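Q: My questions will all concern the structure given below.
The values are calculated or read from the model by the stated rules, or taken from the named source; none is laboratory data. This one's a predicted model, so the numbers in the text were calculated from it and none came from an experiment. Cβ placement follows ideal geometry from the backbone for every residue including glycine, while neighbour counts extend to all protein chains displayed.
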Amino acid sequence: MSLPVVVVAFEPTDEGVKQVFVDALAGQADLVFVGASDETARRNAMKAARVIIVSGTKADLAKIDPVLFAGKMVQTMIAGVDQLPFDQLPGDAMIAHNGGAFAPQMAEHVVGMILAVKKDLVRRHLALGRGEWMMQAERTRELRGDTCAIIGFGGIGKATARLLRGFDVRIEAINRSGRTDEAVDFVGTLSALGEILPRADVVVLSLGLNAQTKGMIDAAALALMKNDATLVNVARGAVIDEAALFAHLKTTPRFSACLDTWWGEPFAEGKFSANFPFMDLPNVLGSPHNSGITQRYFLNAARHAVANVCRFLATGEAERRVTHADRP
């Protein structure tokens, strides 16, 4: 009896990633790498496949005819699915995202950004370089005892909560079900957003971009937050209304935003761009969407993704299946 074919549709740049796939699928599947193959070979391999593993980025997806996903289990390497061509996907394609693969390192990044803002690290570092001694400047803030609202309580949100609990932070969580087994002080659905935002000293956005969440942090939501709250976004830029956030940061100088994701990014738009000069503002801390990109990030992502593929091959079921609610 022949083994099912699993196609890796991108070319891993790290040999360690290839070995992860090889080791995990040995004896379970006929593994084929087609990232460097010509178009005919790629199409033929994908036609024969039971599972196709894709990077999930717009550039790589643009090289694949979505018709080839018909009847397949398609596993993405990234958590976000907003780059998928939903309007072209066959109805019988089973799409699984890689949510949770990057959670531990992203949680560290979130907490690092929060602490950098609370302790005013960047501004005081730059001041020292100018010979200024800001010891007696406005006192920095403590994280301990704060309330953090985590909007999107999946893998990233849960990992962030576990770290923050070490600072005795009160955790209020928002997810789709309004339920969780994690130790939290409050859990609800998005309908509770207006209830928890006024209580939060820190708001962390770690949810997917879809029709319901696009632009959800608008002028009205920002107005509900404390004047000295810290907003951290490791979701997608479009979850926040760009113009509303810039206006709020300008008029509310004690409010701060930590932005790891942006409205115009190179992997989607071809370049980094913003319609407003966020980086000119002293109450903004930015990073180039690298919260999940650590030294071992792609190896961890490969292990996480291939475990789901193995589960599917063994049972016919997969975790983290993309539903209609995930669509942008």
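Q: Just name the residue that is farthest from the chain's Cα centre (by Cα) out of those in the range 181-230 that are farther than 27 Å from R144 by Cβ and surrounded by 16 or more Cβ atoms within 10 Å (Cβ to Cβ).
A: Among them, the one singled out is L190.
Q: To continue, here is another question. Just give me the residues in the range 156-180 being in contact (Cβ under 8 Å) with a residue 60 or more places away in the chain and either surrounded by fewer than 19 Cβ atoms within 10 Å (Cβ to Cβ) or small (G, A, S) (or both), in sequence order.
A: R176
Q: List the pairs whose first member sits in the range 95-110 and is at positive phi, whose second member is of a type in the set (S, T, Y), and whose Cβ atoms are under 6 Å apart, counting only residues at least 6 apart or on separate chains?
A: Sorted first by the residue in the range 95-110, then by its partner, the list stays empty.
Q: Residues of the range 9-28 being of a type in the set (G, A, S) and either modelled with pLDDT under 90 or on the phi < 0 side of the Ramachandran plot (or both), which ones?
A: Restricting attention to the range 9-28, the residues satisfying the condition of being of a type in the set (G, A, S) are 9, 16, 24, 26-27.
Correct list: A9, G16, A24, A26.
Q: Could you please tell me which pairs satisfy a Cβ distance under 9 Å, a separation of 6+ or placement on different chains, a first residue in the range 33-50 that is closer than 12 Å to I64 by Cβ, and a second residue that is polar (S, T, N, Q) and part of a loop (DSSP other than H, G, I, E, B)?
A: Note: pairs meeting the criteria are G35/S55; A45/S37.
Q: Failed condition for K214, given (1) of a type in the set (D, E, K, R); (2) out of contact with any Gly (no Cβ under 8 Å at 6 or more places or on another chain); (3) without any contact (Cβ under 8 Å) to a residue 12 or more places away in the chain, with all others met?
A: Single failed check for K214: (3).
Q: Taking R311 as the residue in question, decide whether it is more than 22 Å from the chain's Cα centre (by Cα), surrounded by 13 or more Cβ atoms within 10 Å (Cβ to Cβ) and of a type in the set (K, R). Don't jump to the end; show me each part of the working.
A: Working: more than 22 Å from the chain's Cα centre (by Cα): yes; surrounded by 13 or more Cβ atoms within 10 Å (Cβ to Cβ): yes; of a type in the set (K, R): yes.
Yes; evaluated as a whole, the condition is true for this residue.
Q: Among (1) in a loop (DSSP other than H, G, I, E, B); (2) surrounded by fewer than 18 Cβ atoms within 10 Å (Cβ to Cβ); (3) without any contact (Cβ under 8 Å) to a residue 60 or more places away in the chain, there is one condition W262 misses while meeting the rest; what is its number?
A: (2) is the only condition that W262 fails.
Q: A follow-up question, please. Would you confirm whether any residue within the range 76-84 is over 20 Å from V204 (Cβ atoms), in the same structural domain as D14 (by TED's automatic domain parsing) and without any contact (Cβ under 8 Å) to a residue 40 or more places away in the chain?
A: no
Q: Can you confirm whether L285 is more than 19 Å from G215 (Cβ to Cβ), among the aliphatic types (A, V, I, L, M) and touching a residue at least 60 places away in the same chain (Cβ under 8 Å)?
A: On the way: more than 19 Å from G215 (Cβ to Cβ): yes; among the aliphatic types (A, V, I, L, M): yes; touching a residue at least 60 places away in the same chain (Cβ under 8 Å): yes.
Judged against the criteria, L285 is a match.
Q: If we keep just the residues of the range 253-303 that are more than 19 Å from the chain's Cα centre (by Cα) and aromatic (F, W, Y), which is farthest from A200 (Cα to Cα)?
A: F276
Q: Let me ask something else about it. Going through S206, S191 one at a time, which residue ends up being under 16 Å from L164 (Cα atoms) and either assigned by TED's automatic domain parsing to the domain that holds G155 or among the hydrophobic types (A, V, I, L, M, F, W, C) (or both)?
A: Just a single option satisfies the conditions, and that option is S206.
Q: Need a quick list: helices (runs of 4 or more DSSP H) entirely within the range 1-87 having at least 1 residues that are within 27 Å of the chain's Cα centre (by Cα) and exposed (fewer than 14 other Cβ atoms within 10 Å of the Cβ). If you could, list the steps in order and put the result at the bottom.
A: On the way: elements: 15-25, 39-48, 58-61.
Result: 15-25, 58-61.
Q: Return yes or no: is V117 surrounded by 14 or more Cβ atoms within 10 Å (Cβ to Cβ), of a type outside the set (K, R) and farther than 21 Å from L193 by Cα?
A: Numbers: surrounded by 14 or more Cβ atoms within 10 Å (Cβ to Cβ): yes; of a type outside the set (K, R): yes; farther than 21 Å from L193 by Cα: yes.
Answer is yes for this residue.
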